[in-house]
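Novice: Sharing a structure with you now.
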Amino acid sequence: MVRYQYHLSYDFTSFNVKKTEVLRPIIPVELQYKNNDPIEFTMLVDSGADISLISQDVGASLGIDTRRDPDDMIQGVSGDTSTLTEKITIRFGMGHKYQYKKEIPVQITKIRGYPFIPALGRDPLFKEFDIHFRMGLPVKERKFVMSKL
């Protein structure tokens, strides 16, 4: 039987897409590059993304030199894009009893504003958390829960 260290529970964020309500698992995070000041963002917990992805704008606001030449290429639903690879520190769980903080790899697009919402990919998040998307419950009970292994 799996014993969890702690659980973090969040409400889904509702978006209207072509007159249809779409619920997305978005969490508040702090991102920090090296010893720069941390910055608060929201990130999509993206079970379809292998890696975490932020835009050139977010990378620059963290103090990363996004003008340098790309060192990687990624493929996604919307096609290919050139990226930079960096490590940043992520912290989430603020306002909960427990907080998670870790240095993670991140890809930075060379496109301003893409992705619109930074994506928190499976690596390493899904290796350390069981994540349950409870969308089939009554509206007031719909949550996503991240349980620390």
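The values are calculated or read from the model by the stated rules, or taken from the named source; none is laboratory data. The shown structure was predicted, so the numbers you read here are calculated from the model rather than taken from an experiment. Methodologically, a virtual Cβ is constructed for each residue, glycine included, from the backbone with ideal geometry; neighbour enumeration extends over all protein chains shown. Please note that ligands, DNA and RNA were not included when accessible areas were found on the heavy atoms of the full protein model with its side chains. Shrake-Rupley method; radii C 1.70, N 1.55, O 1.52, S 1.80 Å.
Novice: Give, in nm to one decimal, the length gained when the segment between Tyr114 and Leu23 is fully stretched (0.36 nm per residue of separation minus the Cα-Cα distance). Each step should come with its number before you reach the end.
Specialist: Details: separation 91, 0.36 × 91 = 32.76 nm, distance 2.00 nm.
Gain in length upon complete extension: 30.8 nm.
Novice: While we're here: With unit charges on the beta carbon (Lys/Arg positive, Asp/Glu negative), name the residue among Val106, Ser78, Phe92 whose Cα is farthest towards the positive pole of the charge dipole of the stretch 14-149.
Specialist: Value computed over the given set: Phe92.
Novice: Taking the Cα centre of the chain as origin, sum charge times position over the Cβ atoms of Lys and Arg (+1) and Asp and Glu (-1), and report the length of that vector in debye to the nearest 20. Don't skip to the end; give the middle numbers.
Specialist: Values: 21 positive and 19 negative charges, 119 e Å.
That gives the chain a dipole magnitude of about 580 debye.
Novice: Right, next: Between Thr89 and Val77, what length in nm is gained on full extension when 0.36 nm per residue of separation is reduced by their alpha carbon distance? Working shown, then result.
Specialist: Working: separation 12, 0.36 × 12 = 4.32 nm, distance 2.64 nm.
Residue separation times 0.36 nm, minus the Cα-Cα distance, leaves 1.7 nm.
Novice: Kindly report, to the nearest 10 Å², the accessible surface of Arg122 as traced by a 1.4 Å probe over protein heavy atoms only.
Specialist: The accessible area comes out at roughly 80 Å².
Novice: Which of the residue pairs Lys87/Lys127; Lys34/Lys148; Lys19/Lys110; Lys18/Lys143; Lys102/Lys143; Lys19/Lys140 have a Cα-Cα distance greater than 28 Å in the structure shown?
Specialist: Details: Lys87/Lys127 17 Å; Lys34/Lys148 25 Å; Lys19/Lys110 31 Å; Lys18/Lys143 23 Å; Lys102/Lys143 24 Å; Lys19/Lys140 21 Å.
The answer is Lys19/Lys110.
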